[in-house]
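The values are calculated or read from the model by the stated rules, or taken from the named source; none is laboratory data. Note that the structure is a prediction, hence the values are computed from the model and not measured. Cβ placement follows ideal geometry from the backbone for every residue including glycine, while neighbour counts extend to all protein chains displayed. The area values use the complete protein model at the heavy-atom level, side chains included, leaving out ligands, DNA and RNA. Shrake-Rupley method; radii C 1.70, N 1.55, O 1.52, S 1.80 Å.
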Amino acid sequence: MAVKEKIKIVYKDIERDVVENNEIVTDIVDADTQQKIIKQVTEEYEVSKSFNDSKRKKNLARLKLYNNQMRDDKAVGDPLMFTVFNTVHASLYDDRLMTIWEGRGGRGDEDVEDNLNALAEFDYDIMQKAELDYYWNWDAEFFGRGLALLMDFNRDEGIMSPVPELLDASTFIRDPRASSVNGDMSGKGGMRFGGWEVGATYYELKGLPGYFNIKSLKKDKETNSLLDETRAAHRAAQGLEDFPQKEETLGKFDNYEFRLLNWMTTIQGKKCLVTLGNSRSVIVRLIELKYNNKWPIIDRALYPMSKSWDGVSIPDLTEDKQRARAVLLNIAMESAKSDVTPTYLFDQIKIKNKNDLNFKINKFIPVDGDVTGAIAPVQKSTAHQYASLIMDVLDVSAQRATAATEVRQGIQSNKERTLGEQELAAAGGDKRFSMSAKIYGWSERKFWLQWYVLYKKHFKDSIDEKIVRIQGALAPIWRPLTRENIISTVDPDVRIESRLVSEAKRQRELESFGGFISVALADPESNKRFLQKKFGRLQGLTKEEIDLAFPPTVDELQAEDENGLLNGGKLPKILVTDDHLTHIDIHSKAVQNVYSVTHIRAHKKAMLVKRDRPDLFPPKLGLEVPSSQKGVKKAPETSNVAQ
């Protein structure tokens with residue numbers, strides 16, 4: 001059977017299913033195909049590893065600067081990197097990015113929007129997104145780029161949600177020419193291949209979807225394991241013992257940890273995930289990645305650079321300054337110690353017994369002759385008088401580079417500054433952090449779009465149901481959701497907003513709208529209901545709270561029902577008693593097709609007729625519009641008015 005056909009069988013048979021006993025391999029992909037895939041992955045791995053080695057090892061070495069527990073006990077470390085890093089990290093983590101789903105004109109978009117917003121908020125806790133964001137941000141700020149894998153879907157009862165996984169950015173190696181995981185809109189700059197090492201036991205792999213041939217895994221720790229090297233660097237920074245050799249005493253089918261390489265690459269024109277074991281000599285998983293022709297990895301950068309994967313990280317800006325401050329600090333300490341216990345010169349003729357020079361409280365030393373000149377300290381160099389100034393300059397330089405000022409660190413500024421100066425400085429810092437939050441928003445938007453793709457792929461129609469908890473205006477509400485409730489005809493879009501920026505924007509709009517609404521409400525022709533509802537939204541009230549305060553009118557309910565007809569290509573009748581302004585407002589949310597446009601025009605024409613011929617609109621009586629407005633099925637000028 002041809003390679004293409006064999007790979008096609010792999011995708012069909014084991015993408016979601018557990019292979020019987022995890023041991024069938026020849027029925028999935030033949031031996032020749034396996035060797036070709038292994039050869040391709042090995043070549044790509046060697047290219048990527050040699051390219052990434054220097055940067056990867058530099059990042060691992062920086063862990064000691066961040067938290068060095070292996071330094072000499074007599075030396076003092078400077079925490080500049082930790083201080084600046086956590087100031088930036090705390091500011092960006094505190095400003096949670098909000099997810100707002102918006103329909104693109106498909107049928108039932110309003111309900112789908114509401115359901116997706118409720119589902120995303122519910123899944124935020126299920127997926128432990130708060131913890132993921134903390135470590136995802138940490139990797140982006142320390143390594144320049146953080147990576148989150150989003151391809152698994154947990155169908156267990158009570159969960160039924162996508163499963164995000166943080167990839168270790170220090171072990172991930174990738175295509176040398178890549179500037180990001182998936183590149184720009186056209187895919188340019190995306191990686192051709194890349195992967196990461198993982199550790200897993202036999203029983204962790206057994207029963208997982210897609211794995212096979214796992215009994216062939218051997219106890220063979222690779223000498224150049226990326227995972228072992230990373231773990232050793234973390235242990236060294238923490239002052240812990242490294243013990244990889246002790247792992248070999250564990251039994252193969254007990255809790256021995258096998259080293260596996262997860263590798264994403266293109267095979268026969270299809271994006272695939274290949275998992276290799278035994279030093280990349282045996283395939284234990286091979287699946288196609290069907291995610292809109294993109295890799296299911298979301299990358300996040302703090303200070304990205306054009307056409308560059310790594311960008312700029314906080315250690316890039318602070319490493320040299322911390323090292324210099326630590327050197328100056330330890331020199332100053334040694335200088336201070338030498339001043340307390342200096343070296344002396346003494347006159348051997350005047351002082352006969354050297355033991356008399358040993359220090360003792362209330363001790364008298366006999367001197368033969370005048371005591372003047374009997375003993376004097378050795379003249380030496382002291383700590384440079386500008387050492388403190390240099391340390392301050394290094395600190396300020398790091399603060400300027402990252403906007404992690406003393407005020408943001410919770411420290412009172414050393415210099416006396418006016419309130420106006422402090423507010424201007426804080427505002428400037430806010431702008432820089434706001435930019436970083438917007439950049440994080442790029443990856444946040446990709447994350448939630450991929451989240452929607454997983455629901456679209458795994459949530460089955462007429463089979464799956466998920467019950468989500470929504471905090472209502474009066475009490476929590478439990479809402480059951482099926483596929484039709486969250487998957488629209490046209491895929492929705494998602495808007496990401498900074499909580500702090502969004503709140504500031506809402507406050508500005510509220511202040512501006514507050515002055516306008518008093519004038520608008522005084523006009524008898526104004527749409528008072530719209531003004532009141534908008535004012536409620538700007539006050540921060542939810543849609544449910546606004547609906548409780550202003551229950552939908554009969555015209556609003558009727559117009560929402562008519563939207564379903566308009567979306568389906570049908571024209572509803574216009575009643576003589578209709579509130580045309582309300583209908584026009586509600587119909588503007590329908591699909592913009594020939595029927596909705598025609599129907600809105602008919603409402604406008606009915607308003608003109610009512611103005612010019614009020615005698616045609618007696619109470620509870622209808623009116624048929626002129627014959628030119630009949631026959632509306634083929635894009636007429638107006639729709640029928642009921643008799």
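List of remarks:
- When the listed pairs K188/K271; K64/K219; K573/K605; K321/K438 are checked against a 23 Å cut-off, the alpha-carbon distance exceeds it for K64/K219; K321/K438.
- For region 131-143, 3J(HN,Hα) computed residue by residue from phi via the Karplus equation (6.51, -1.76, 1.60; θ = phi - 60°) reads 5, 4, 4, 4, 6, 5, 4, 4, 4, 4, 7, 8, 9 Hz, glycine and proline entered as x.
- When the residues V396, V468 are ordered by accessible surface, computed with a 1.4 Å probe over the protein chains alone, the sequence from largest down reads V396, V468.
- Relative contact order of region 149-237, pairs being alpha-carbon contacts under 8 Å that are 6 or more residues apart, as %: 19 percent
- Surface calculation, 1.4 Å probe, protein heavy atoms: I37 sits at approximately 10 Å² accessible.
- Sequence-distant residues sharing a close amide H with V576 (under 5 Å, placed H): L623, A642
- Think of region 526-565 as a dipole: +1 on every Lys or Arg Cβ, -1 on every Asp or Glu Cβ, centred on the Cα centre; then among L557, G536, I546, G536 lies furthest on the positive end.
- The figure for E241 is an accessible area of roughly 120 square angstrom, using a 1.4 Å probe on the protein chains alone.
- Average accessible surface area per residue within region 41-183, 1.4 Å rolling probe, Å²: 43 Å²
- Sorting Y440, Y124 by solvent-accessible area of protein heavy atoms yields Y124, Y440, largest first, with a 1.4 Å probe.
- ³J(HN,Hα), Karplus 6.51/-1.76/1.60, whole Hz, each residue of region 316-321, x for Gly, Pro: 4, 8, 10, 4, 5, 6
- Accessible area (Å², per residue) of region 459-585, counting only protein heavy atoms and a probe of 1.4 Å: 60 Å²
- At the residue level, V519 shows approximately 100 square angstrom of accessible surface with a 1.4 angstrom probe and all protein chains present.
- Accessible-area rank, largest first, for W478, W136: W478, W136, with all protein chains present and a 1.4 angstrom probe.
- Shape analysis of region 205-344 places it in the oblate category; the axes a ≥ b ≥ c from the Cα gyration tensor give an a/c of at least 1.5, with a/b not above b/c.
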